1. Do we have Gly199 as assigned to a loop (DSSP other than H, G, I, E, B), crowded, with 19+ Cβ neighbours inside 10 Å and in contact with a Gly (Cβ under 8 Å, 6 or more places away or on another chain) here?
2. How many of the residues making up the stretch 287-323 are in contact with a helix residue (DSSP H, G or I) (Cβ under 6 Å, 6 or more places away or on another chain) and among the aliphatic types (A, V, I, L, M)?
3. Determine whether the stretch 334-352 contains at least one residue that is touching a Gly at 6+ places or on another chain (Cβ under 7 Å) and not hydroxyl-bearing (Ser, Thr, Tyr).
4. With the checklist (1) more than 30 Å from Ile369 (Cβ to Cβ); (2) surrounded by 18 or more Cβ atoms within 10 Å (Cβ to Cβ) in hand, flag the one item Phe187 doesn't pass.
5. If I ask for residues that are β-branched (Val, Ile, Thr) and either farther than 14 Å from Tyr37 by Cβ or over 20 Å from the mean Cα position of the chain (by Cα) (or both), which ones from the stretch 99-134 would you list?
6. Take the residues of the stretch 68-99 that are under 14 Å from Met120 (Cβ atoms) and among the hydroxyl-bearing types (Ser, Thr, Tyr): which is surrounded by the fewest Cβ atoms within 10 Å (Cβ to Cβ)?
7. What's the number of the condition Leu213 fails, among (1) in a helix (DSSP H, G or I); (2) assigned by TED's automatic domain parsing to the domain that holds Gln281; (3) in contact (Cβ under 8 Å) with a residue 40 or more places away in the chain; (4) in contact with a helix residue (DSSP H, G or I) (Cβ under 6 Å, 6 or more places away or on another chain)?
8. Taking the stretch 42-83 on its own, how many of its residues are under 18 Å from Ala18 (Cβ atoms) and touching a strand residue (DSSP E or B) at 6+ places or on another chain (Cβ under 7 Å)?
Amino acid sequence: MNIMMFGHSGSSNRGCEAIVRSSSKIIKDTIKESMVYVASLRPETDKVINNVDKIIDGRSVDIKKYSYHYIISAVLQKVLKDESYALRRMYKKTIDNIKEMDVCLSIGGDAYCYGEQYWMYEIDKRIKAVGKKLVLWSASIGEEDMSHRKLDDLKAFDLILARESLTYNMLTQKGLNNVKLCADPAFTMEKEELPLPKGWTEGNVVGLNFSPLVASRNKESETAFRDLIKHILNVTDLTIALTPHVIEPGNNDFELLNKYYKEFKDTGRMIILPDNLTSIQYKGYIARMRFFIGARTHATIAAYSSCVPTMVLGYSIKSKGIAMDLFGEEKLVLGIKEISQSDKLINKFDEMVIQEKEIREKLEKVIPIIKERSYKVVEYLKEIVK
């Protein structure tokens, strides 16, 4: 079976890397003789992934000005308000590979949370036009993200795999009958343990992850995050390990976290992990932490799946839904408005410390169930191929 993942934004986002890496392993472990291809928007970043059969250059290409295709595109857009011809030309590198595939997996994860994805809609149409199976893989979508056009696109899928129950419930309430509940494949991802850095106090480290995306959505959150660091340094003996997880231009966790590192490094209890680790290497460090606080979903999944008590600086449906499926409540998840309130951050941290034993025990019970749910995706995949 030939399977192409598309919508992958590149592995400088270690969460995207984690989805590709873990999904490929799940598929190859379960569907013998399967071939996995990945159409990547940043193929140069994907050399770190070694368990796929081929990385396809899926970058968009410019339509040369005043060329035949440029004129056709311009006329169609101006007269008919139809951008499909232009999008087909721009994403030709991905579209040209569809005919060789049996199944195409749209793996954007939360791509449908960020407005209309016209280019993905067009690729979806091309996949169905040539009779191939189309799957939305491990997705999160909020009620507020839905539109008539998005709903029409989702109806065309042979299978939608919702990675948490809030998305599953919302989509089924919209009348979609092609939805199955699963779990994010990254819950099953392996880890690679590198030597511990200087200053790491074994068994007594709290990992902190913060992102420019969250900071840009709530400017005051940077001050509250600083106050949380001060609180941890003042009332505990924990070492803080600042943990980047996305290292993209203009969206670089390391650059933001490095400001805090410089401010507090003289305490002797502040570490910053390097910005060039893979997703499995970051998980190797996160798994050896006592607590974790994170804004990036897949950094928190690395912690949850390692049974590390975790506090989430959430900004979308996925954070809430994953917590609900783990704990039956939105436990230790702070919304985008709440994370600018220092007292709420500090109180949630204190709650996590007090409930450390109970949280760890709960995770030890539920994570095997969640991992089984991650592997269910292949059963659903086999069903639609039959």
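The values are calculated or read from the model by the stated rules, or taken from the named source; none is laboratory data. The structure presented is a predicted model; accordingly, all values stated were derived computationally and were not measured. Note: ideal-geometry Cβ built from the backbone for every residue, glycine included; neighbour counts use all protein chains shown.
1. Working: assigned to a loop (DSSP other than H, G, I, E, B): yes; crowded, with 19+ Cβ neighbours inside 10 Å: no; in contact with a Gly (Cβ under 8 Å, 6 or more places away or on another chain): yes.
For Gly199, the condition - assigned to a loop (DSSP other than H, G, I, E, B), crowded, with 19+ Cβ neighbours inside 10 Å and in contact with a Gly (Cβ under 8 Å, 6 or more places away or on another chain) - is not met.
2. 8
3. As a first pass, look at the stretch 334-352 and keep what is touching a Gly at 6+ places or on another chain (Cβ under 7 Å): 334-335.
Still in the list and also not hydroxyl-bearing (Ser, Thr, Tyr): 334-335.
Yes, the conditions are met somewhere in the stretch 334-352.
4. Only one criterion is unmet by Phe187, namely (1).
5. Narrowing the stretch 99-134 to residues β-branched (Val, Ile, Thr): 103, 107, 123, 127, 130.
Those that are β-branched (Val, Ile, Thr) and either farther than 14 Å from Tyr37 by Cβ or over 20 Å from the mean Cα position of the chain (by Cα) (or both): Val103, Ile123, Ile127, Val130.
6. Just the residues of the stretch 68-99 that are under 14 Å from Met120 (Cβ atoms), to begin with: 83-84, 87-88, 90-91, 94-95, 98.
Still in the running and among the hydroxyl-bearing types (Ser, Thr, Tyr): 84, 91, 94.
Working: Ser84: 16, Tyr91: 22, Thr94: 26.
Residue satisfying both the conditions and the ranking: Ser84.
7. It fails just one condition, (4).
8. Number satisfying all stated conditions: 4.
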